[in-house]
Amino acid sequence: MNALTIVSLVSFVVSVLTAGLIAAAQARQAPSDEHPTLPAGPGREVMIRVCSQCHEPENAAAQELDEKGWKSLVDDMASKGADATDAEFEEIVRYLVNAFPPPPK
């Protein structure tokens with residue numbers, strides 16, 4: 001082998017190893033949030049799990065209700081078949097009250 005062939009081979013090997021390291025680093029990153037419009041907070045995951053059975057959980061982002069309004073809406077969803085325990089429904093209401101409050105008066 002001549003020097004040019006060895007340099008080309010080493011360059012190729014370095015390129016392949018670099019690409020492998022980059023791919024491995026990207027694979028270890030946390031998955032992207034499928035619901036970026038839903039703020040973090042207690043009850044978020046329960047809300048996503050329960051509400052996404054029938055509709056996009058992001059529908060809540062368009063609402064601006066007070067506690068009574070959120071409770072009424074969640075009760076309505078429960079009466080239509082939303083599958084959760086009473087404690088989970090309460091957790092969802094608390095999450096929605098904190099995440100999507102009514103506008104200031």
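The aspartates and glutamates within cross-link reach of K71, meaning a Cα-to-Cα straight distance under 19 Å and a gap of 8 or more places when in the same chain, are E45, E56, E58, D83, D86, E88, E90, E91.
Of S72, S32, the sequence from fewest to most neighbouring Cβ atoms within 10 angstrom is S32, S72.
Coordinate-derived values only; no laboratory data. This structure is a prediction, so every number in the text was calculated from the model and none was measured. We place every Cβ from the backbone using ideal geometry, glycine too, and count neighbours over all the protein chains shown.
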